[in-house]
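The values are calculated or read from the model by the stated rules, or taken from the named source; none is laboratory data. As the structure is a prediction and not an experimental result, all values here were calculated from the model. No Cβ is skipped: glycine too gets one built from the backbone with ideal geometry, and neighbour counts run over all protein chains shown. We work out accessible area using only protein heavy atoms, side chains counted, and drop any ligands, DNA or RNA first. Shrake-Rupley method; radii C 1.70, N 1.55, O 1.52, S 1.80 Å.
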Amino acid sequence: MIRVVAGTPPLSPAEQYGLDVVVDLSRLLVASEGGEWDASGRDAIVILRVGPPTAPDDRAAPTGAITELSAPIPVADGVVTIPRPLLRAVAEVAGAGIEQRSRGRDRYDRVPAAENPLVAASVEREPAVSIAGARLREAVVQAAGSRIVRLLAPWPDAHRWCAAMTHDVDVVSVWPLFTALRVVELLRKGRGSLAVAVLAAAVRAAAGDPVWAGILGVLDAERRYGIVSTWFMLCGTPTLATFRAGDLTYRPESPRARRIVAAIEAAGHEIGLHGSFATSDAPETFTLQRARLRTLSGTAALGVRQHYLRMRPGMTQRSMAVAGFAYDATYGFPDRNAYRLGVIDVVPGWDDAAQRAVPIDEVPLMWMDRAQSKYQGVEDPDQWIADAMVLADVSRRAEGLWVGLWHPNLTTALGFPGASPAYERLLAALTVERPYIAPLHRVVEWRALRRAVRAHAMRPDGQVTLVGPPGRTFDIVVEDADGRPRERLAATPAAPPPGR
Ligand SMILES: [Zn+2]
């Protein structure tokens with residue numbers, strides 16, 4: 001348990017954002033300012049101070065932010081002091097401040113991976129910001145002595161880590177075109193035998209519907225492994241130009257797309273918006289596409305991920321928030337499996353231009369089926385899965401979140417021999433480690449709740465009283481430094497239906 005003592009001079013907005021994020025990542029229970037604390041209660045709480053201001057940055061490179069993230073966190077008896085530059089570095093990395101100021105663009109008008117500070121420092125496979133949160137936790141345990149240490153349990157229902165599976169629905173109609181493009185890609189890479197296998201499967205599948213078969217295959221595998229996932233649907237009107245660009249290729253109102261949405265919803269999965277290219281150029285398009293998706297789906301979409309991960313960091317997320325989305329799942333690298341925001345967790349969005357938090361949660365994307373295939377020439381699906389599990393192990397050991405993306409069009413007839421059975425092996429490998437598995441809106445809901453819980457009082461026997469927001473749909477458990485459950489804040493029952 002900690003009491004946060006405001007720094008002097010007051011924190012800048014970026015420092016406040018960094019403090020909020022790093023405390024949230026640490027899982028340390030915060031004592032509420034308005035709580036009922038007598039002198040002995042106050043004495044039992046570790047104080048978290050913010051260090052003095054430092055001279056303005058004269059950092060030569062964005063990698064300076066990475067250095068600051070690993071700066072020592074001084075510990076004294078009952079007091080931990082977190083350096084201000086570390087807090088600003090959190091906004092630069094987890095808030096994507098550096099990417100938001102970047103002017104670099106790749107051929108899809110994206111910020112190139114090389115502009116990311118973690119990539120620049122060659123540490124994009126280490127969750128540097130989450131590690132800073134863990135270091136803060138360790139510092140508080142070290143400073144505590146006989147004082148009370150309380151941590152929020154990381155995930156619901158006694159799970160120690162979280163795995164979320166997501167799917168982008170890019171292919172719905174004109175499937176032979178996608179097979180042909182993939183065959184060309186394989187031939188260019190000198191993978192003639194794979195191309196032959198794909199063509200043979202496509203000929204066999206021609207009488208049926210390989211797109212639908214791919215969707216059913218993923219739904220069936222996830223049902224067997226008890227996985228509830230999140231699916232992102234494109235929701236614009238395709239034109240010849242969008243076809244050529246690899247952007248929109250299907251109408252969401254088409255019978256084929258409707259059948260897919262209905263099957264996903266019938267299986268209990270979540271539907272979000274896959275933002276088309278237009279959304280990053282004309283932000284109001286988000287509102288139109290979200291409304292259009294609402295006419296097809298049973299509930300309003302809470303989440304969004306950009307097609308091709310194409311966005312203008314900061315600006316795009318502002319528009320997403322205005323359109324009513326609660327979370328964005330776009331922050332991953334298209335060309336590598338890694339931690340673009342340096343976290344294995346959910347973090348609030350940050351607007352670097354306005355220097356304030358954005359009312360949207362970021363759910364970073366860490367692993368994607370095609371990252372190795374498309375960009376690194378690795379065509380063995382078992383290697384993709386092995387890489388997924390390397391990153392999943394990092395999340396599991398640090399009690400964090402892992403988010404993966406599997407395209408349901410990865411079937412043999414659509415160009416990917418061996419991919420479907422590899423996906424099953426991934427589900428088996430993930431579920432055997434007992435993660436909390438949920439659609440992203442539930443993951444975000446959980447994290448918003450965990451973030452908002454405070455200690456309100458302490459009884460003479462050391463028992464801590466917890467307070468949280470109303471309308472809680474999860475139980476919250478608080479542990480001591482050894483991970484033993486101590487206090488619980490029960491979910492609040494749902495409000496009775498109106499009129500009763
Ligand atoms: Zn896509």
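A compact table of results
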read-out	value
Search result, residues across region 432-447 that are among the aliphatic types (A, V, I, L, M) and touching a strand residue (DSSP E or B) at 6+ places or on another chain (Cβ under 7 Å)	437, 438, 440, 443, 444
The lone exception for residue 103 - which of (1) within 16 Å of the ligand (Cβ to nearest atom); (2) surrounded by fewer than 17 Cβ atoms within 10 Å (Cβ to Cβ); (3) not in a helix (DSSP H, G or I) it fails	(1)
Of all residues making up region 218-241, the number that are out of contact with any strand residue (DSSP E or B) (no Cβ under 8 Å at 6 or more places or on another chain) and either surrounded by 19 or more Cβ atoms within 10 Å (Cβ to Cβ) or not β-branched (Val, Ile, Thr) (or both)	10
Unmet criterion (only one of (1) surrounded by fewer than 18 Cβ atoms within 10 Å (Cβ to Cβ); (2) touching a strand residue (DSSP E or B) at 6+ places or on another chain (Cβ under 7 Å); (3) of a type in the set (D, E, K, R)) for residue 484	(2)
Any hit, region 108-117, residues being closer than 30 Å to residue 304 by Cβ, within 16 Å of the ligand (Cβ to nearest atom) and of a type in the set (A, V, I, L, M)	no
Failed item, numbered, when residue 328 is tested on (1) without any contact (Cβ under 8 Å) to a residue 60 or more places away in the chain; (2) within 16 Å of the ligand (Cβ to nearest atom); (3) surrounded by fewer than 24 Cβ atoms within 10 Å (Cβ to Cβ); (4) charged (D, E, K, R)	(3)
Residue that is surrounded by the fewest Cβ atoms within 10 Å (Cβ to Cβ), among those in region 267-295 that are touching a residue at least 60 places away in the same chain (Cβ under 8 Å) and away from the ligand (no atom under 16 Å from the Cβ)	269
Flag if residue 161 is crowded, with 21+ Cβ neighbours inside 10 Å and within 16 Å of the ligand (Cβ to nearest atom)	no
Selection count, region 336-357, where residues are open to solvent by less than 40 Å² (accessible area, probe 1.4 Å) and closer than 21 Å to residue 403 by Cα	14
Matching residues, region 168-184, being within 16 Å of the ligand (Cβ to nearest atom), more than 29 Å from the chain's Cα centre (by Cα) and part of a helix (DSSP H, G or I)	175, 177, 181
Residue selected from region 296-309 under the condition away from the ligand (no atom under 16 Å from the Cβ) and over 20 Å from residue 259 (Cβ atoms), by the criterion surrounded by the most Cβ atoms within 10 Å (Cβ to Cβ)	302
Residue, farthest from the chain's Cα centre (by Cα), within region 1-34, restricted to residues that are of a type in the set (Gly, Ala, Ser) and buried (at least 19 other Cβ atoms within 10 Å of the Cβ)	7
Close pairs (7 angstrom Cβ cut-off, 6 or more residues apart or separate chains): at positive phi in region 376-399, open to solvent by 40 Å² or more (accessible area, probe 1.4 Å) and at pLDDT 95 or above anywhere	399/160
Counted residues, region 120-158 - those being open to solvent by less than 10 Å² (accessible area, probe 1.4 Å) and either in contact with a Ser or Thr (Cβ under 6 Å, 6 or more places away or on another chain) or within 16 Å of the ligand (Cβ to nearest atom) (or both)	2
